[in-house]
Each structure stands twice: as C-alpha cells, then as structure tokens.
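Worksheet: one structure, shown below.
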Amino acid sequence: MPVHQDIIGRILVLRVDNPPVNALSKIERRGLIEGIARGASDDVDAIVLTGAGASFIAGADIREFGKPPEPPHLPEVVETIEASAKPVIAAIAGQALGGGLEVALACHYRLAEAGARFGLPETTLGIVPGAGGTQRLPRLIDPMLAADMVATGKSLDAASALRTGLIDWIADQPIDVAALGHARSLAGQPLDERRLSERNVEPSPDAIEDLALLKAETVKKSRGAIAPGVAIDLVAKALQSPYDVGVAEERARFLELRSGSQAAALRHIFFAEREAAKGPAEAPRSIERVGVIGAGTMGAGIAMSVADAGIPVVLVEQTEAALGAGLDRIARAYGEAVARNRLSNDVADERRNSITGATGYDLLANADLIIEAAFETMDVKDAIFKSLDAIARSDAILATNTSYLDIDAIAAVTSRPSQVLGLHYFSPANVMKLLEIVRGRETDPTVLATALAFARRTGKVPVVAGVCHGFIGNRMLRAYNREAGLLLLEGATPSQIDTALTDFGMAMGPFAVADLSGIDIGHKGRQAMEPGAYEPAAFRVHDGLVSCGFLGRKTAVGFYRYASGKVDGENADVADIVAAARKEFAVSPRSIDPEEIVERCIFAAAAEGLQIVKEGIAARPGDVDVVYVNGYGFPRHRGGPIFYLRETGEAGLAAIRRYAAGPFGRWWPDVGHPGAIEPPGIGKSTDKDAA
Ligand code: 3HC
C-alpha cells in the first residue's frame with residue numbers, strides 16, 4: 001500500500017511508502033486524499049503525515065511528467081490536507097522537496113528530524129512549484145529567502161528551517177515518538193492561525209523592490225533558463241494578491257513550463273546523470289584513506305574535494321617548497337570559503353587538518369586509492385606508477401588524472417593493470433562536479449564500481465569513458481574549438497563568436513576560455529600530437545598569438561586585452577594574424593550570422609559525441625550530454641549537445657551534412673544521416689497536466 005494508514009490510540013498515522021524517495025505518483029496522491037478522509041471519522045483526534053524509509057517526500061514523481069494526466073492532481077491533495085478539520089502534523093525525516101514540501105506546507109504543523117532538508121528545487125527541472133509552494137512559502141518565511149529558495153532550488157537544513165519559521169519543532173526523540181506526542185497534545189484543540197492560504201499578506205513595498213532586483217540578477221545568471229525568473233514573479237504575486245489568485249497563476253505557469261522544451265531538457269539531464277552514475281553490479285570497496293600525488297592546482301583541488309567528503313588525504317610533492325606552496329594554496333582556499341561564509345572556521349580547520357603533506361611515498365603504503373595529478377607527460381607518469389606499484393597495498397587502486405594520455409600504457413607499467421584507471425577531474429577540482437572515470441582495457445569491474453561510489457561520495461557527477469585521446473569531454477571540445485577557429489578564419493571575430501555562444505547559454509565563449517586557460521597550453525598540446533590529428537587552419541591564429549607572446553590573461557593580452565583582470569576590448573593585433581592565416585589557407589572572409597556560429601560549434605561537439613558513443617567510448621548519448629553540461633559550461637536547460645541536436649531533428653542533420661561538405665568538412669564524423677540521432681527519450685513531455 002503506497003500510503004499506509006495506522007491508528008495508534010486516537011492518532012491516524014499516514015505513511016507515504018514509495019521507495020526510494022517517496023516521490024508522489026497518482027497512487028500516493030490518491031492514498032493521501034483517502035487517508036485524510038479516514039481522519040475525519042470519530043475515532044481520530046489528529047493526523048500524522050510522514051514518509052517511510054529515509055525520506056519524507058522528494059516531490060512529485062518526475063517520471064509522470066511525460067505521461068498523460070491522471071487525477072487527483074497535487075493541488076487537490078494539498079487543499080484536502082489543509083481543509084482537514086483534524087490537525088495534520090507533518091513528521092519530516094530526510095528530504096521534503098518540491099511537492100513534498102508543498103504537502104508539508106499544507107499541513108497545520110511541521111516537525112522535523114535534525115537531519116531533514118527542505119527545498120523547492122522545481123526550477124532545476126525547468127518548472128516552478130505547481131501546488132502552492134510559491135504562494136505559501138513567502139507567507140510563512142521571509143519573502144526574500146523564499147524567493148531565493150524557489151529561484152535557485154537551494155534547500156534549508158532543519159536548524160535554519162526552525163529559525164526562519166518554516167517548521168515548528170525539531171524532534172528531540174525518535175521522530176515517530178515525537179510526532180505522536182505532539183499530535184496527542186493538539187488533539188481536540190482548534191486549529192491555530194497557520195491556515196495561511198486564507199490570509200492575505202500585506203505587500204511590503206521594500207520586498208517588491210528587492211524582488212525586482214533579485215529577478216534582474218537571477219535572469220542575468222540564468223543564461224536563458226526561464227523558470228527562475230518566473231518563480232520570483234510568482235513570489236511577488238504572493239505578496240500582492242489573494243492566495244487563490246496567486247495559486248491559479250502559479251498552476252498556469254507550472255503547466256506552461258512543464259510542457260516546454262527547457263523542462264524536457266532538464267528532465268533528460270536529471271535522469272541522464274543518475275543513469276551515468278550506475279556501474280557494474282560488483283559491490284564497491286570502501287575507500288577510507290586517499291593519497292594524491294602532486295600539489296599543483298589540480299592536485300590541491302583534488303585533495304580538497306576528498307577532504308570535503310570527510311576522507312583523510314596524504315598529499316605528496318617532490319620538494320618541501322612545492323609541498324608548502326600546495327598546502328598554502330589549500331589554506332587560502334579554505335580561508336576564502338570562511339570569509340565568504342560558506343564554511344565555519346571549525347569545519348574549514350577540520351578539513352584542512354585532514355590533509356597531511358609528505359615529500360615521500362611512505363605514507364601512501366596504507367592508502368585505498370592513490371590519485372596521481374603530476375606533470376602531463378608519459379615519462380613522469382611511468383616513473384610515478386612504477387614507484388606506486390612498489391609501495392602501495394596490492395589491493396590499492398591507482399588512478400591517474402591525465403587529460404589525454406593512454407591509460408592502458410600507464411597501467412602496463414604496473415604489476416596490477418586491473419587496479420588502474422583514470423579519474424579525470426576538472427579545474428577547480430573541489431568545485432567542478434564532473435568526474436570522468438576512464439576504464440582501461442583491463443580495469444576490474446569492482447575497481448570501476450568503487451570509483452563510481454567514491455565519485456558520488458565526494459559529490460561528483462561521474463561518467464565512465466573509454467580510453468582515447470581526450471576521452472569524452474576534451475575530444476568534443478577539440479571539435480567545438482576547431483569550428484570556432486575556422487569561423488575566425490572564415491570571417492567572424494572572436495567577440496562575435498564568443499557572444500553568439502554565450503547568448504546561446506554557454507558559460508563562456510571559446511576565445512575567452514582560451515585566454516583564461518592560457519593559449520600556450522593548447523599550443524603545447526598540439527605540438528605533442530601526431531601531424532594530421534587536428535586541423536592546422538583552425539588553430540593557426542592561436543599559434544600566431546603564442547609566437548607574439550600573447551598568451552591570454554596571464555600576459556594581459558590574448559584574443560582580448562585585459563586591464564585589472566577585466567576584458568578591455570579585443571586585441572587589435574588579432575586582425576593581422578587572422579589576415580595572414582587567411583592568406584596561408586586561401587580563405588576569403590564572408591559575413592557569418594550567429595545562427596551559423598552556434599550550429600557549427602554545438603553540432604560539431606554533438607557529432608563528435610555521437611561518434612564517441614558509436615565507438616563505445618561513452619555508453620550512451622546521455623553520458624555525453626552529462627559531460628558537456630557539467631564540465632564545459634553547456635547550458636543545462638538545453639539538455640546537452642546531443643539532446644539539442646535531437647530537438648532540431650532533420651534540420652540539424654541536414655546542417656551537419658552541409659557543414660561536412662564545406663572546405664574543412666572532412667573533420668565532421670559521418671553522423672548527418674537520418675537515424676544517427678535516436679528519437680527523444682525520457683524527458684520529452686507531451687501531456688499538459690500531471691502532478
Ligand atoms: N521523481 C521520480 N524519481 C525520483 C525523484 C522524483 N521526484 N527523485 C528521485 N528519484 C529517483 C532517481 O531517479 C533515482 O532513481 P534510480 O535509482 O532509478 O536512478 C532514485 O530516485 C534515487 O535518487 P538519487 O540517485 O538522486 O538519490 P540521492 O539520495 O542522491 O538524492 C534526492 C535524493 C535528493 C531526493 C534527489 O533524488 C533529488 O534531488 N530528487 C529530485 C527532487 C525534486 O526535484 N523534487 C521536485 C520534483 S517536481 C515537483 O515536485 C513539482 C510539484 O511542485 C508539483
């Protein structure tokens with residue numbers, strides 16, 4: 001039974017039971033309405049509404065969003081709860097999210113376990129709350145906090161929820177016991193004034209003004225995602241309109257957004273991330289001690305990301321000086337987190353102290369996992385892996401953070417190739433969510449399962465990749481950058497290309513990224529590649545800038561000029577370098593519109609992604625999308641390059657065929673044929689009314 005009914009004394013306990021997170025599908029919605037009806041009978045004085053297992057209710061069942069409507073809908077459920085003549089107490093352990101929080105808000109009292117969390121993450125799915133969340137929350141807590149919660153999807157912990165008035169009590173004994181105690185004490189009492197929906201709030205002009213400012217900021221940050229701005233409008237509506245008016249508007253906007261392409265894209269990426277995190281059936285080993293080799297930017301970031309998950313780390317460098325610099329970098333980063341109120345002093349100290357520095361490998365003898373993040377050459381990796389093989393426990397996992405090198409070749413220098421894999425972090429490693437887990441030819445399934453579990457424990461979004469130059473993400477990036485470089489040659493300027501792509505929603509344009517990471521880095525990488533492995537014309541301007549000493553931000557001149565760390569216009573010298581490259585490759589410039597810029601760059605990444613799937617380097621198109629969204633600044637609300645290409649259908653494939661027939665078209669993989677893109681899968685919304 002999805003909503004269990006138990007009478008304990010004169011208290012009715014309704015327990016939602018839909019593992020793993022008690023999402024509300026139509027069966028639970030119906031069960032809740034039946035449960036509240038049961039509570040009307042004379043043998044019940046009060047009702048406790050709770051969840052089975054570790055979660056209260058994690059929201060509406062997202063899987064239903066793509067299916068035909070099935071009543072009762074959630075607004076009916078929350079109205080039924082609120083209208084109950086018997087007091088209803090929400091007893092919340094774990095997550096009260098989305099529709100789950102809306103159910104809790106409709107209850108007359110809220111009791112929570114200390115570890116509970118509360119949030120309205122709907123905007124992360126491209127929608128807004130659809131059952132009163134945007135109207136009840138600002139009536140209950142500070143409207144600015146409510147607006148921030150609905151716009152960002154950020155959740156509150158129980159202590160903050162209590163402080164802000166979102167909940168009434170934190171349980172100081174097991175939640176079921178505490179809930180029964182509160183229910184008994186409320187039995188027979190008239191409901192207090194918490195039936196907030198009936199109350200109009202007095203609009204505060206200050207809050208309306210602040211909300212307008214928050215909306216402007218949010219829209220700017222959202223890179224084209226619609227839902228966050230709409231959510232703030234709805235909070236403003238709550239402050240200015242009667243509940244019924246606000247809630248009708250909320251429902252209309254929910255339905256409109258739910259059937260839109262952004263919601264479909266965000267649902268796709270939600271499920272794709274979870275799919276990508278699944279691995280072999282083997283039980284993962286436990287990872288309790290980690291070693292990191294190299295205390296540069298990458299190694300220090302990796303060490304912090306592991307320490308942040310409560311796992312002790314030994315950080316190894318070759319010299320005291322290099323180690324000191326790495327530990328200083330870590331101390332500074334934690335110091336900044338404290339200064340920005342992201343961490344308390346105590347927590348920052350605890351994490352920093354869990355990182356032990358060393359200049360030899362002795363302390364690694366007991367590590368369960370050792371991650372190498374040293375210099376990116378095969379000689380260096382060979383030497384390190386040979387030494388690690390000699391010192392590490394025989395069952396320890398040895399990982400390399402290489403971005404490009406052959407993991408099978410690295411594994412082959414050890415006596416345990418089955419224990420070796422790639423853990424490709426993205427910079428800054430303690431912030432960026434993506435972790436490419438690169439399985440070698442001989443990587444043991446248990447090792448892979450362990451790496452996936454470790455990734456999730458350290459808060460990463462893992463994707464498994466096979467061995468090839470650049471794995472999934474950097475291989476796609478090469479195709480994307482290739483088209484950007486060619487567009488430069490064919491007539492667009494760096495800022496036209498960057499603007500077209502940031503208008504599309506990319507976090508940064510390719511030339512701004514090149515300046516940030518250092519144009520010389522890619523240049524060195526290309527020098528190490530086989531001739532013929534890349535298109536020289538696409539990177540001739542980059543190479544020209546490097547020979548002039550224009551390396552990007554670090555020299556204050558690259559594709560752009562920089563003053564005090566900010567862009568101060570284009571670098572006028574680029575035009576001469578471009579002119580020389582055009583001459584060399586016999587390209588006549590033409591005018592290029594933003595649509596072509598976006599198509600060329602994004603479809604190039606998508607086409608490479610499809611090829612990567614075809615070769616078995618990625619298991620599924622969704623994995624490719626997860627990589628580009630989480631590691632390369634692709635706008636999440638567009639679902640990833642392959643999802644985006646799919647949405648364009650035959651027109652997208654026709655464009656790929658056209659580009660493949662162009663002067664440098666030999667680089668496009670053969671994916672421009674019908675059937676290359678699968679039909680849209682999960683996440684494609686067709687109906688108008690569910691949840
Ligand atoms: N609907 C359907 N399935 C859901 C779900 C939901 N709301 N939330 C989680 N799941 C599924 C996941 O797909 C996954 O399934 P799988 O095992 O088959 O892959 C399983 O539950 C476990 O999820 P996670 O792997 O994410 O487990 P975690 O423990 O890491 O996280 C969580 C739990 C924090 C609850 C996380 O799953 C989450 O954030 N869920 C989404 C919450 C959400 O967005 N709720 C709002 C929904 S929209 C809504 O309520 C509209 C309303 O206003 C009308």
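The values are calculated or read from the model by the stated rules, or taken from the named source; none is laboratory data. Treat the numbers as computed from the prediction; the structure is a model and nothing was measured. Don't worry about glycine lacking a Cβ; one is built from the backbone with ideal geometry, like all the others, and counts go over all protein chains shown. Accessible surface areas use protein heavy atoms only, side chains included; no ligands, DNA or RNA. Shrake-Rupley method; radii C 1.70, N 1.55, O 1.52, S 1.80 Å.
Details
- Matching option when the condition is in contact (Cβ under 8 Å) with a residue 60 or more places away in the chain and aromatic (Phe, Trp, Tyr), among Phe550, Phe559: Phe559
- Residue within the range 72-91 that is hydroxyl-bearing (Ser, Thr, Tyr) and in contact with a strand residue (DSSP E or B) (Cβ under 9 Å, 6 or more places away or on another chain) present: yes
- Inspection of the range 602-612 finds no residue satisfying the criterion of being modelled with pLDDT of 95 or more and open to solvent by 70 Å² or more (accessible area, probe 1.4 Å).
Each row is one residue, and each column tells you yes or no for (1) surrounded by fewer than 14 Cβ atoms within 10 Å (Cβ to Cβ); (2) assigned to a loop (DSSP other than H, G, I, E, B).
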position	(1), (2)
Ala325	no, no
Asp328	yes, no
Val338	no, no
Leu343	no, yes
Ala348	no, no
Ala367	no, yes
Ala374	no, yes
Asp382	no, no
Ala399	no, no
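- Look at the range 53-69: where a residue is on the phi > 0 side of the Ramachandran plot and a partner is near the ligand (Cβ under 9 Å from one of its atoms) and open to solvent by 70 Å² or more (accessible area, probe 1.4 Å), sitting 6+ places away or on another chain with Cβ atoms under 8 Å, you get Gly53/Pro19; Gly53/Pro20.
- Residue ID - nearest to the ligand (Cβ to nearest atom), chosen from residues in the range 136-163 that are modelled with pLDDT under 95 and not aliphatic (A, V, I, L, M): Arg136
- Some residue of the range 56-77 being open to solvent by less than 20 Å² (accessible area, probe 1.4 Å), modelled with pLDDT under 95 and not in a strand (DSSP E or B): yes
- Consider the range 427-442 and keep the residues that are open to solvent by 20 Å² or more (accessible area, probe 1.4 Å) and in contact with a strand residue (DSSP E or B) (Cβ under 9 Å, 6 or more places away or on another chain). The one that is nearest to the ligand (Cβ to nearest atom) is Lys433.
- For the range 554-582, the tally of residues that are closer than 12 Å to Leu488 by Cβ and either part of a strand (DSSP E or B) or under 31 Å from the mean Cα position of the chain (by Cα) (or both) stands at 2.
- Of all the listed residues (Ala277, Ala265), the sole one being within 17 Å of the chain's Cα centre (by Cα), within 16 Å of the ligand (Cβ to nearest atom), buried (at least 22 other Cβ atoms within 10 Å of the Cβ) and farther than 30 Å from Asp346 by Cβ is Ala265.
- Within the range 443-479, considering residues that are assigned to a helix (DSSP H, G or I) and among the polar types (S, T, N, Q), the one nearest to Ala399 (Cα to Cα): Thr450
- Listed by position, the helices (runs of 4 or more DSSP H) contained in the range 226-286 that have at least 3 residues being without any contact (Cβ under 8 Å) to a residue 24 or more places away in the chain are 243-258.
- When Val219, Val245 are checked against the criterion of being hydrophobic (A, V, I, L, M, F, W, C), open to solvent by 20 Å² or more (accessible area, probe 1.4 Å), modelled with pLDDT under 95 and in the same structural domain as Thr134 (by TED's automatic domain parsing), Val245 stands alone in meeting it.
- Some residue of the range 26-34 being more than 14 Å from the ligand (Cβ to nearest atom), at negative phi, in contact (Cβ under 8 Å) with a residue 60 or more places away in the chain and open to solvent by 20 Å² or more (accessible area, probe 1.4 Å): no
- Per the listing Gly301, Gly360, Gly335, the residue uniquely under 26 Å from Val447 (Cα atoms) and at pLDDT 95 or above is Gly301.
- Test for Ala90: is it within 16 Å of the ligand (Cβ to nearest atom) and touching a Cys at 6+ places or on another chain (Cβ under 9 Å): yes
- The range 82-101 residues that are open to solvent by less than 10 Å² (accessible area, probe 1.4 Å), paired with ones that are at pLDDT below 95 and of a type in the set (Val, Ile, Thr) (beta carbon under 7 Å, 6 or more apart): none
- Subset of the range 123-135 [in a helix (DSSP H, G or I) and within 8 Å of the ligand (Cβ to nearest atom)]: Thr124, Leu125, Gly133
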